[in-house]
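What follows is one structure encoded as structure tokens, with my remarks underneath.
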Amino acid sequence: MARAKGGVLREEVYNIHLATFLREEYLNAIEERRTPRGAPDIIVNLDGPRVFIEAKYDAPGVERILFEQTQKRMEEDSFIAAVMEVVYPLSLRAAAVPDKNLRATALRYRIRLHTGEVREWQKGKPPALADALYALRDSLDTPKRLQEAVQIMTEAVGEAALELGSRKADGERIAGVVNVRDVESGRKIAALMVVNALIFQSHLSGSEDSVAPLGIMSKNHRKVAAEWHRICDEINYVPIFRTAAHVLGMFPDGKPPGLRHRHPVAGRGA
């Protein structure tokens, strides 16, 4: 468990627990992996639109600090639909059982849309944050084309999940990689993470010359995984690609199952 000097729990500990809780609520949430360039604390994919979550312990000026941090995120990444700012109470800094204490504690949170709309601060336990994210998903204007693509993706994820980790031992390993206890949920989340990374690589290849288009490596998923690791090391986007690369490495040789003839778009596969 990561504790700073004096026994104080680092914010990263709660970012991991919060992301884990959101995954249990069937949200595609990935916590930060440390990189020199930094990354959002948590990334949540809402059937295509992505939300960045930035969280900090309560302190004087914390709302201003979060506002400036999330504003910079939105200016740097045009793919963000919204950001959620979260304030952890100081009482959590010395909690004996972080996961249990987080689930029982009311957090302050606010959503800011890329359109410029800033919503009011709210207070609630982690289930309230999950509800707010689902409400945000429902409120976002999703074009018919994307809705149809999400249906295609959902079918692809279902097929992939059936084949991914079909052996009990493999399923348990995959559940461990995505940090959930239930093997069946782990398989679905893992398949969804792979689809999400495929979509985002497609976006990046259009704006980053160094990112290879999927078409030139679609017949070799190990090359895709290697490309995702390179993106993590050289460009960032670690929360999106690192875990997906580890999952992709668990497929047998050949194309990942369930994604052979699809054009997936990220969405909720549960």
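The values are calculated or read from the model by the stated rules, or taken from the named source; none is laboratory data. What you see is a predicted model, and the numbers here were worked out from it, not measured in a lab. Because the Cβ atoms are built from the backbone with ideal geometry, glycine has one as well, and the counts that use them run over all protein chains shown. Accessible surface is based on the protein model in full, side chains and every heavy atom, while ligands, DNA and RNA are left aside. Shrake-Rupley method; radii C 1.70, N 1.55, O 1.52, S 1.80 Å.
Annotations
- Residues that are over 30 Å from Glu24 (Cα atoms) and either modelled with pLDDT under 75 or buried (at least 16 other Cβ atoms within 10 Å of the Cβ) (or both), drawn from region 215-237: Gly215, Ile216, Met217, Ser218, Lys219, Asn220
- Residue that is surrounded by the most Cβ atoms within 10 Å (Cβ to Cβ), among those in region 79-117 that are of a type in the set (Ser, Thr, Tyr) and touching a Ser or Thr at 6+ places or on another chain (Cβ under 9 Å): Tyr88
- In this entry, Leu129 is excluded by the filter for residues that are in contact with a Pro (Cβ under 9 Å, 6 or more places away or on another chain) and in a helix (DSSP H, G or I).
- Annotation: Glu63 fulfils all but one of (1) open to solvent by 40 Å² or more (accessible area, probe 1.4 Å); (2) in contact (Cβ under 8 Å) with a residue 60 or more places away in the chain; the unmet one is (2).
- Selection of region 172-190 for residues being among the charged types (D, E, K, R), touching a residue at least 60 places away in the same chain (Cβ under 8 Å) and buried (at least 19 other Cβ atoms within 10 Å of the Cβ) yields only Lys188.
- Where Ser207 falls short, out of the listed (1) assigned to a loop (DSSP other than H, G, I, E, B); (2) over 30 Å from Glu12 (Cβ atoms); (3) modelled with pLDDT under 70; (4) open to solvent by 20 Å² or more (accessible area, probe 1.4 Å): (2)
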